[in-house]
Structure formats: C-alpha cells, structure tokens
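**Q** Just passing along the structure, written as structure tokens.
The values are calculated or read from the model by the stated rules, or taken from the named source; none is laboratory data. In this text the structure is predicted, and so the values were computed from the model without any measurement. FYI the Cβ positions are ideal-geometry reconstructions off the backbone, even for glycines, and counts take in every protein chain you see.
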Amino acid sequence: MAKAVLTISSKNYGAWALRGWLMARLAGLEFTEKVVSPDDPAMKAEMLLLSSSMLVPSLQHNGIKVWDTLAIGEYLNEVKPKAQLLPADAKARAHCRAICGEMHSGFTALRSALPMNIKAHFPKFKVWSRAQSDIDRIVEIWTECLKTYGGPYLFGKTPCIADAMYAPVVTRFLTYDIPLDKTCAAYAKRMMELPALKEWFAAAATEPDEIDELDAEF
C-alpha cells in the first residue's frame, strides 16, 4: 500500500500545516510530505489570509483526498481509531470538538497580531487588547480542560486533536514571550517535549527565510 501524502507549507510560519501534520503524527500514519513553494497561491493564502480551510494542509490516503484541517482530524480518527485522536467518552468528545471548532473559526486578533514565527523571539512583546482577549480565552480553555480531564494534555494522558489544534498557539506564546500561569506553562512545556513537535521545530530551524516576515504577519 502506498504511503499517504500530506501537503504542507512552511514549517516556520505554517500554523495550519502544523496542525494537520501533528494530527497525522499523533495518529501514527505513515506519510510523505509534499511542501508547497512560498510563491504558491495556496501558501500565500494560508500565510496572508490566515485561512483555516485552504488546500494546505491536505491529505491523500487510499485514493481519498481530505483538505480542511478539522476534516483531516476526523478522517484520521476513523482510520486510526486506536490512536484516540478524539476522546472515547461522548461528553468529552463533544467538548473536544467544540474547542477545536472555536480555534478553527476564531481567535483572528491573535493570529493577526502574533503570527506564527518559530525562529523569532520578541521578549516583552506588547500585546494589544483584542489579541489579549483571545489569549485570555485560550488560557481559560486550557485551564478548564486540564482541570476537568486531569492533564497532562487537554483531554487526559495522551495528546489528541485538540492539542494539535492549539499547538501553534504554544509556539506563538514562546515567540512573543507571553506570560502564563503555572498550570498553562506546564502544559506548554509538555507540548514542547513531544517528539513530533521537536521534529517540526528542528525542520523549521533549517528552513530558508524565503518569506518576508512583514508579508507573513499580515
């Protein structure tokens, strides 16, 4: 059987690419990467419009093509059920889908003001009020999940779709030096210790700076 193919964009700037890629890694799916050029229209759409539903990332597997990030997660949960990308409990599963949907369609102020840029670091970055409201809501989500399901990940002992959806936020909080309470800081640290995320960061560090930073921000 041929390996799956996951089409992604920049590993330094591509927040939606990271979400889809991490879901595939957490699912244990064997896949090859197809990286679109920074000049590709799909890449520019992801970077500049901050869209959640462009054709990056997209997954081709067993003759099936899935492109929306949440759809990729749902598909992977179907084909790799043992990975438990969604919680087994119906109530927890509904909660998981709700916070994933919130990330999928919301937090536009955060995305605009604090674009993903893994290689950068901005100590004492000044956050404007609308972006701070998004940060406060994310902290609220993390805190509720960690308290309800016992951690160390959002829905218990293993990382799931929700952790993949919020992984780019973890990178943003590091890049822009966002202060976190003890509980959320511990969660962010645990996420950064994931072998898959370490792999992504290592690849991002070697990526050529082909995208103008100011273009990526807006």
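**Q** Hey, any hits in region 155-164 for a residue that's of a type in the set (Phe, Trp, Tyr) and out of contact with any helix residue (DSSP H, G or I) (no Cβ under 6 Å at 6 or more places or on another chain)?
**A** no
**Q** Within region 11-58, how many residues turn out to be at pLDDT below 95 and either in the same structural domain as LYS157 (by TED's automatic domain parsing) or closer than 16 Å to GLU74 by Cβ (or both)?
**A** Within region 11-58, residues that are at pLDDT below 95 and either in the same structural domain as LYS157 (by TED's automatic domain parsing) or closer than 16 Å to GLU74 by Cβ (or both) number 5.
**Q** Of everything in region 157-195, what is surrounded by 15 or more Cβ atoms within 10 Å (Cβ to Cβ) and farther than 18 Å from TRP142 by Cα? Give them in sequence order.
**A** The answer is THR175, TYR176.
**Q** Tell me, please, whether a residue that is of a type in the set (Asp, Glu), part of a helix (DSSP H, G or I) and in the same structural domain as ASN117 (by TED's automatic domain parsing) can be found in region 169-178.
**A** no
Conditions (1) out of contact with any His (no Cβ under 8 Å at 6 or more places or on another chain); (2) in a helix (DSSP H, G or I); (3) free of Cβ contacts under 8 Å to residues at least 40 places away in the same chain; (4) under 28 Å from LEU85 (Cβ atoms), marked per residue:
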site	(1), (2), (3), (4)
MET103	yes, yes, no, yes
ASN117	yes, no, no, yes
PHE122	yes, no, no, no
VAL127	yes, no, no, no
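**Q** With respect to ILE141, is the statement that it is more than 20 Å from ALA24 (Cβ to Cβ) and outside any loop (DSSP other than H, G, I, E, B) true?
**A** Yes, satisfied.
**Q** Taking the criterion of being at positive phi, assigned to a loop (DSSP other than H, G, I, E, B) and without any contact (Cβ under 8 Å) to a residue 40 or more places away in the chain, would at least one residue in region 81-98 satisfy it?
**A** Taking every residue of region 81-98 in turn, none turns out to be at positive phi, assigned to a loop (DSSP other than H, G, I, E, B) and without any contact (Cβ under 8 Å) to a residue 40 or more places away in the chain.
**Q** Which of the residues that make up region 14-33 are in contact with a Lys or Arg (Cβ under 9 Å, 6 or more places away or on another chain) and either assigned to a strand (DSSP E or B) or not hydrophobic (A, V, I, L, M, F, W, C) (or both)?
**A** GLY28, GLU30, PHE31, THR32
**Q** With respect to the numbered conditions (1) in contact with a helix residue (DSSP H, G or I) (Cβ under 7 Å, 6 or more places away or on another chain); (2) without any contact (Cβ under 8 Å) to a residue 24 or more places away in the chain; (3) under 25 Å from LYS91 (Cβ atoms), which one is the sole condition not fulfilled by MET192?
**A** MET192 satisfies all of (1) in contact with a helix residue (DSSP H, G or I) (Cβ under 7 Å, 6 or more places away or on another chain); (2) without any contact (Cβ under 8 Å) to a residue 24 or more places away in the chain; (3) under 25 Å from LYS91 (Cβ atoms) except (3).
**Q** Just one of THR158, THR183 is outside the structural domain of LEU70 (by TED's automatic domain parsing) and not in a helix (DSSP H, G or I); which is it? Step through it out loud before you land on a result.
**A** Details: THR183 fails: not in a helix (DSSP H, G or I).
The unique qualifying residue is THR158.
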